Amino acid sequence: MRPLYLRKVPNLFGIWVVPRKELSFRPNVGGGIFYLYKGEIDMKEMLEKIKSAAQAEILGISPEPEKAAAELENLRIKYLGKKGELTAVLRGMGALSAEERPLVGKIANEVREFIEEKIESAKAEIESAMSAQKLKEEKIDVTMPGKKNAAGRLHPTAQVLEEIKDIFIGLGFSIAEGPDVELDYYNFEALNIPKNHPARDTQDTFYINENTVLRTQTSPMQVRVMEKTQPPIRILAPGRVYRSDAVDATHSPVFHQVEGLVVDKGVTMADLKGTLDLFAKKLYGEETVTRFRPHHFPFTEPSAEMDIRCFSCGGKGCRLCKNEGWIEILGAGMVHPKVLKNCGIDHEVYSGFAFGIGLERIVMRRFDIRDLRLFFENDIRFLKQF
Ligand code: DAH
């Protein structure tokens, strides 16, 4: 900028002043106005300078959307704010001549609008850049192969147990559960298997101490229920049982039984047969034929085992029924009066029947599984098949 030279002329009072028409001004960044001699710096030129400076600064904002937003706000304050450069020019308009004022005012407004517009469009650009970036970051590629949710399923043993439970619940039974670690008294003594009884031989088990065992059967649940409940009783007690057997294709030290017990007035062997025959038909189909063979269990009298006619060969004999034509399903019998007495139930008034189902054998036949060990290995390739 050239140094200013102000031409002074005497006014009416003989005081030397700069003629108003010859004055121009320039806004001072620090506020206030420098009056300039007209022609030295053109008003228009000044507004143009503000315009192009603002434009250049707006163009030069950071490419990072977040920074850019802050920068734009600073520019808006710098040019259009209360103490901004353009505002300073507008403030100085009072010093202009009547002819100059509308002209400069018009240009100043245009410049303000121009800057406003530039800032607005830069803002819009930033916003769309931000949302584009967000979209990019959060993009979901719907063509990507989905993640397969491997749904689990019930173990085959659990599946068959559910079926058995359903059948008996349908007959009015409720489910009872008890401890795996059982007192010798419940597992043997109360079931009429005193110490040194030969039945203990076939049910050798794991002793926790002299009086405590891992239960060899679910039958102790009969005692536990009868001790606490007076008849009528109709319960089903599924659970894990233990015996000290070596592992092979048909033996496991851990397996499952489902115990049943019915005690009421006037319960007879006919109820036992009717109930268990119905159970067999529900589980294996309506055409299933059952038979009851005499057997011995210390806690029932009389005792029986129930077979079904082989569903694979129809009784002719095959691999499944080991050529016998019949398949053993469960043990059963009328609850021994001694057992009722042990549980505080009057055997003169009440009678009952009980049964015990070996769950694994039923499951093995159902799915043609030939090795018991598969049940306990939990190999997913095996479990997935059922
Ligand atoms: N607890 C017997 C066993 O493990 C099975 C059994 C037979 C249970 C006859 C009973 C029953 O309730 O009446 O071999």
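The values are calculated or read from the model by the stated rules, or taken from the named source; none is laboratory data. Not measured: the values here are computed from a predicted model. Methodologically, a virtual Cβ is constructed for each residue, glycine included, from the backbone with ideal geometry; neighbour enumeration extends over all protein chains shown.
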Inset, instruction - Select from the stretch 336-365 the residues that are within 11 Å of the ligand (Cβ to nearest atom) and either outside any loop (DSSP other than H, G, I, E, B) or touching a helix residue (DSSP H, G or I) at 6+ places or on another chain (Cβ under 6 Å) (or both) and list them in ascending order. - result: 339, 352, 353, 354, 355, 356, 357, 358
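Residue by residue through the stretch 299-321, note down the ones that are of a type in the set (Phe, Trp, Tyr) and either within 14 Å of residue 356 (Cα to Cα) or in a strand (DSSP E or B) (or both).
Of all residues in the stretch 299-321, those of a type in the set (Phe, Trp, Tyr) come to 299, 311.
Of everything in the stretch 299-321, just one residue is of a type in the set (Phe, Trp, Tyr) and either within 14 Å of residue 356 (Cα to Cα) or in a strand (DSSP E or B) (or both), namely 299.
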Legend entry - Subset of the stretch 205-232 [in contact with an Asp or Glu (Cβ under 7 Å, 6 or more places away or on another chain) and among the hydrophobic types (A, V, I, L, M, F, W, C)]: 213, 214, 221
Inset, instruction - Kindly indicate whether residue 301 is surrounded by fewer than 18 Cβ atoms within 10 Å (Cβ to Cβ) and out of contact with any strand residue (DSSP E or B) (no Cβ under 7 Å at 6 or more places or on another chain). - result: no
Inset, instruction - Check 242, 284 and return the single one that is among the hydroxyl-bearing types (Ser, Thr, Tyr) and at pLDDT below 95. - result: 284
Inset, instruction - Please work out which one of (1) surrounded by fewer than 21 Cβ atoms within 10 Å (Cβ to Cβ); (2) assigned to a loop (DSSP other than H, G, I, E, B); (3) more than 16 Å from the ligand (Cβ to nearest atom) is the condition residue 376 fails and give its number. - result: (2)
Inset, instruction - Answer yes or no: is there a residue in the stretch 54-62 that is small (Gly, Ala, Ser), touching an Asp or Glu at 6+ places or on another chain (Cβ under 9 Å) and surrounded by 13 or more Cβ atoms within 10 Å (Cβ to Cβ). - result: yes
Inset, instruction - Filter the strands (runs of 3 or more DSSP E) completely within the stretch 192-248 down to those with at least 3 residues that are within 13 Å of the ligand (Cβ to nearest atom), surrounded by 14 or more Cβ atoms within 10 Å (Cβ to Cβ) and in the same structural domain as residue 173 (by TED's automatic domain parsing). - result: 233-242
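Picking from 175, 167, 140, which residue would you name as being closer than 30 Å to residue 62 by Cβ and aliphatic (A, V, I, L, M)?
So the residue among 175, 167, 140 that is closer than 30 Å to residue 62 by Cβ and aliphatic (A, V, I, L, M) is 140.
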Inset, instruction - Go through the stretch 182-231 and count every residue that is without any contact (Cβ under 8 Å) to a residue 24 or more places away in the chain and among the hydroxyl-bearing types (Ser, Thr, Tyr). - result: 3
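Which of the residues that make up the stretch 255-306 are of a type in the set (D, E, K, R) and in contact with a helix residue (DSSP H, G or I) (Cβ under 9 Å, 6 or more places away or on another chain)? Explain how you work it out, then say what you get.
Of all residues in the stretch 255-306, those of a type in the set (D, E, K, R) come to 259, 264-265, 271, 273, 277, 281-282, 286-287, 291, 293, 301, 305.
The answer is 259, 264, 282, 287, 301.
Working only within the stretch 257-271, note down all residues that are more than 11 Å from the ligand (Cβ to nearest atom), in a strand (DSSP E or B) and of a type outside the set (Asp, Glu). Spell out how you get there, then give the answer.
First pass over the stretch 257-271, keeping only residues more than 11 Å from the ligand (Cβ to nearest atom): 263-271.
If we keep only those that are in a strand (DSSP E or B) too, we end up with 263-265.
Passing the criteria: 263, 265.
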Inset, instruction - Consider only pairs whose beta carbons are under 8 Å apart and that are at least six residues apart or on different chains; among these, list those whose first residue lies in the stretch 335-355 and is under 13 Å from residue 231 (Cβ atoms) and of a type in the set (D, E, K, R) and whose second residue is assigned to a helix (DSSP H, G or I) and within 14 Å of the ligand (Cβ to nearest atom). - result: 346/340
Legend entry - All positions within the stretch 96-113 that are within 60 Å of the chain's Cα centre (by Cα) and either not in a helix (DSSP H, G or I) or not assigned by TED's automatic domain parsing to the domain that holds residue 49 (or both): none
Inset, instruction - Taking residue 295 as meeting all but one of (1) away from the ligand (no atom under 16 Å from the Cβ); (2) surrounded by fewer than 16 Cβ atoms within 10 Å (Cβ to Cβ); (3) touching a residue at least 24 places away in the same chain (Cβ under 8 Å), write down the number of the exception. - result: (1)
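For the structure I just gave you, tell me whether residue 287 is within 12 Å of the ligand (Cβ to nearest atom) and either out of contact with any strand residue (DSSP E or B) (no Cβ under 6 Å at 6 or more places or on another chain) or under 27 Å from residue 247 (Cα atoms) (or both).
Values: within 12 Å of the ligand (Cβ to nearest atom): no; either out of contact with any strand residue (DSSP E or B) (no Cβ under 6 Å at 6 or more places or on another chain) or under 27 Å from residue 247 (Cα atoms) (or both): yes.
Answer is no for this residue.
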